[in-house]
Amino acid sequence: MERESKRIHEHRVITMLGRAEMEFLDRMGKDSLFSTGHKLSYSEILKGLVELAMKSGVSGEGIGSISELEEKLMRKIAEDLEKNKTA
């Protein structure tokens, strides 16, 4: 029953990915299958990456390209790692 109510709030997203990006998702899914017995689906991997970005607190402010998004996320992750080191 919980799954049914959760489905109401989920949305389908269509994305265009290149060959290297698809190979990465395939490899990640296969790695999870061989190491845990559960193959992560593309949706699970992408959802996990989005949730990580959301938890980081990064906003879209000042981001005009994918490379700027990557840079902002990497900077935030590095800052958080540094904070955890000193804590």
State which stretch of the chain is the longest one without any exposed GluC sites (Glu not before Pro), exposure meaning a DSSP loop state and at most 11 other Cβ atoms within 10 Å. 11-60
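Given Cα pairs under 8 Å that are at least 6 residues apart, what percent is the relative contact order of the chain?
Details: 26 pairs, mean separation 12.6, N = 87.
It rounds to 15 percent for the chain.
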Computed label-point distance, nm, for sites Leu52 and Phe24 using a 7 Å Cα→Cβ extension: 0.9
Treating the angle as unsigned and between 0 and 90°, give the value, to the nearest 10°, between the Cα long axis of helix 42-56 and the longest Cα principal axis of the chain. 30
Among segment 38-69, those whose backbone N falls under 16 Å of a label point 7 Å along Cα→Cβ from Arg75 are 56-69
Positive end of the charge dipole of the chain (Lys, Arg +1 and Asp, Glu -1 on Cβ, about the Cα centre): tell me which of Gly60, Phe34, Val13 has its Cα farthest that way. Phe34
Given 10 °C and 1.306 mPa s, how large is the Stokes-Einstein diffusion coefficient of the chain in µm²/s, with Rh as the Kirkwood radius over Cα pairs? 102
Count of lysine pairs in the chain with Cα atoms under 25 Å apart, counting only pairs 8 or more residues apart in sequence or on different chains? 17
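Rule-based calculations on the coordinates, nothing more; no lab input. Because the structure is a prediction, the values reported are computed rather than measured. Glycine gets a Cβ as well: all are built from the backbone with ideal geometry, and neighbour counts include every protein chain shown.
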